[in-house]
1. How about region 283-303: which of its residues are out of contact with any strand residue (DSSP E or B) (no Cβ under 7 Å at 6 or more places or on another chain) and under 21 Å from F388 (Cα atoms)?
2. Which residue pairs have Cβ atoms closer than 6 Å, lie 6 or more positions apart in sequence or on different chains, and pair a first residue in region 310-326 that is in the same structural domain as S241 (by TED's automatic domain parsing) with a second residue that is more than 12 Å from the ligand (Cβ to nearest atom) and open to solvent by 20 Å² or more (accessible area, probe 1.4 Å)?
3. When the residues of region 492-519 are filtered to those that are among the hydroxyl-bearing types (S, T, Y) and at pLDDT below 85, which remaining residue is nearest to Q26 (Cα to Cα)?
4. Quick one: would you say T497 is part of a helix (DSSP H, G or I), free of Cβ contacts under 8 Å to residues at least 60 places away in the same chain and surrounded by 13 or more Cβ atoms within 10 Å (Cβ to Cβ)?
5. Of the residues S280, S324, only one is of a type in the set (G, A, S) and surrounded by fewer than 23 Cβ atoms within 10 Å (Cβ to Cβ); which?
6. If you check every pair at least six apart or on different chains, which have Cβ atoms under 8 Å apart with a residue in region 395-413 that is of a type in the set (K, R) first and a residue that is buried (at least 21 other Cβ atoms within 10 Å of the Cβ) and assigned to a helix (DSSP H, G or I) second?
7. So, in region 72-106, how many residues would count as being touching a residue at least 60 places away in the same chain (Cβ under 8 Å) and of a type in the set (V, I, T)?
Amino acid sequence: MAMAVACLSVTTANAQHLSTENKFAQPLGKVLDEVSKSFGVRLKFNVDTTGLVVNYAPQRIRQYSIDETLLNILAPFDFVAVKQNDKLYKIKSYEYSRRTDEDGERLIAYLQGKYSSKEEFDKRREQLRVEVRQHLGIDSVMGKFVQKPNVILSKVRKYDGYSAQNIALETLPGLYVCGTIYAPATKGKHALIICPNGHFGNGRYRKDQQQRMGVLARMGAVCVDFDLFGWGESELQVGKSHQSSIAHVLQNANAIALLNYMLASRKDIDAKRIGVNGGSGGGTQTVMLTVLDDRFTAAAPVVSLSAHFDGGCPCESGLPVMTSAGGTCNAELAAAFAPKPLLVVSDGKDWTSTVPETELPYIKKVYSFYDAAGNVYGTHLPTEGHDFGPNKRQPVYDFFAKVFSLDASKMDESKVTIEPFENMYSFGKNGEKLPANAVRSVAEITKYFDKQLYFDLRWMAGLDKKAKDWAASLQLNDAEKTAKVEKLIATHLKRVTEWHNSHPYTTVPAGINPRTGETLRNVDREIIADAAQPKHYHTDLMEGLRAILTEEQVEQILDKYTVGKVAFTLKGYKAIVPEMTAVEEAECLRLLKEARERAIDFKSMKEISEIFGMYKDKCEDYFNTHGRNWKQMYSAYYKKLQSEKKKAKK
Ligand code: ZN
């Protein structure tokens, strides 16, 4: 620590030369570098600190605590330092949905202090149920669902001991939730298991999902899975708008609509045996559904449940459900399922690693208020990671076999037929079978949601449309290539826009522009803030485009970003500079193209014009240092313009 104090005193001594008007501003990277050296810890960066400036840096340092020092320095940027060990900290963006293991323990301890009896927990549960519904806005959205929805059912495909049938169920007018119904081959009343999906690759079409649906159906449960909003066939209708709070409410509403449909339309469902099961984001939704709908009688969230992580996608935590009843978490929401049978599957390598010590004992405690601790089942796989692998599917089979009295002798994944994705489509491979009333853009449904969501989604949809139009303008006659270009552009536009919106010019301290010696204008500060965006935003786009397109096509896209400023400016120069030589033209073009490639990373047209302005200065310097006089040429041009105007008037 002696070394720490010595180094820090240097910083403080330097800072004495600064006045408070300068806010003791220092580059964030440099400050963290000093802190790292002083305290003898290594910092690993998951964020880009380029261009970021921290005010009052020396005053934020606490010589006796690295944790407090980092907290003080990083807080203004919404960054956090996550301790990996005594010598290593990871610097990350603040995540609203994720806290530390210790935070989870503290929240559980706090919640446990709130109730110690069935009566007390009953009250708490009622409050949770009411407020979760309100925060999710589910009653408002479901109130807008079509009363007599269009239902499209495919032919039934018969397999060994079970069958599969696709369903497209209309929810909001013209909006469909698509899924597959897996049903036992046996006659009689069956259990029903609603299976919300997580974000595993290939969604509900993937092999392990088909295995699980097939096995549970063989064992005697009708299983229904369905696409996430903006995934699978839903993408045909709403594009890639999954990452939105609309997904949060709509996915839960979709599950309930499917449950309603199944109970109303089929005679083979036993309403006393209604289960819900999903992994990861599907596990988050599993817990949410138990809070929203009392008809569920058994639940199995897999690799999701945690007191310190709410689920990182807006479809899990985009709406403020966790602020219900003064603050809750997935563990408490799951406990509120008491005394009904609950299985929690966890593993050692994700946020569920704390389940055996923290979440499960707490849930059992709550269940014990109802004399039902025996209804809480847990399977922990300490050496496994975040997936829905065989060791996670097995406890799910065992659990439902037990609580729903399914036929365990049919528990054999090798008997399940893995279907090609196309088999599970209701609307055909390219959406050719979409019904006439189907919505085709997320903009058509945003009117059903609150204004802020509407704004965000319309904005996203706007960028998607731009990307689509620009990619289409290349006329590649190659759907795959066009889609790739579209995706590269959409990703870049969204990254730049999001960065721009979350880094307003006010994040850059006022000061002097070293280029002009004048006070920085707001647009200058805006440019500095935007220029600090991660470099890979740019390289991902450019390298991606250049891998697919010719240089000429890449230039066409860049011209779209910059509304043809290169050609327009060059045309102006040709009008101003008498008998411009080929060499001069080439140099101007080179500089303007450089401007264009820089300008694409800036959001506003004002910024883009400023970037071109810097390069126009360079062009004019070039003329002045190569035998021309820009001022003279320009005033001659201006006079010519004026006299032409006069002539035209006459
Ligand atoms: Zn999601």
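1. T284, M288
2. Cβ pairs passing all conditions: D310/M322; L319/H135; P320/H135; V321/H135; S324/E131; S324/H135; A325/Q127; A325/E131.
3. Filtering first and then ranking leaves T507.
4. no
5. S324
6. From residues that are of a type in the set (K, R), the pairs are K410/V215; K410/R218.
7. Number satisfying all stated conditions: 1.
Table: residues versus (1) surrounded by 17 or more Cβ atoms within 10 Å (Cβ to Cβ); (2) among the charged types (D, E, K, R); (3) at pLDDT below 95.
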{"residue": "E120", "(1), (2), (3)": "no, yes, no"}
{"residue": "R124", "(1), (2), (3)": "yes, yes, no"}
{"residue": "N150", "(1), (2), (3)": "no, no, no"}
{"residue": "L153", "(1), (2), (3)": "no, no, no"}
{"residue": "Y162", "(1), (2), (3)": "yes, no, no"}
{"residue": "L169", "(1), (2), (3)": "yes, no, no"}
{"residue": "P173", "(1), (2), (3)": "no, no, no"}
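The values are calculated or read from the model by the stated rules, or taken from the named source; none is laboratory data. Owing to the predicted nature of the structure, the values given are computational and were not obtained by experimental measurement. Cβ sites come from the backbone with ideal geometry, for glycine too, and all protein chains shown count toward neighbours. When the accessible area is computed, the model is the full protein with side chains, heavy atoms only, and any ligands, DNA or RNA have been set aside. Shrake-Rupley method; radii C 1.70, N 1.55, O 1.52, S 1.80 Å.
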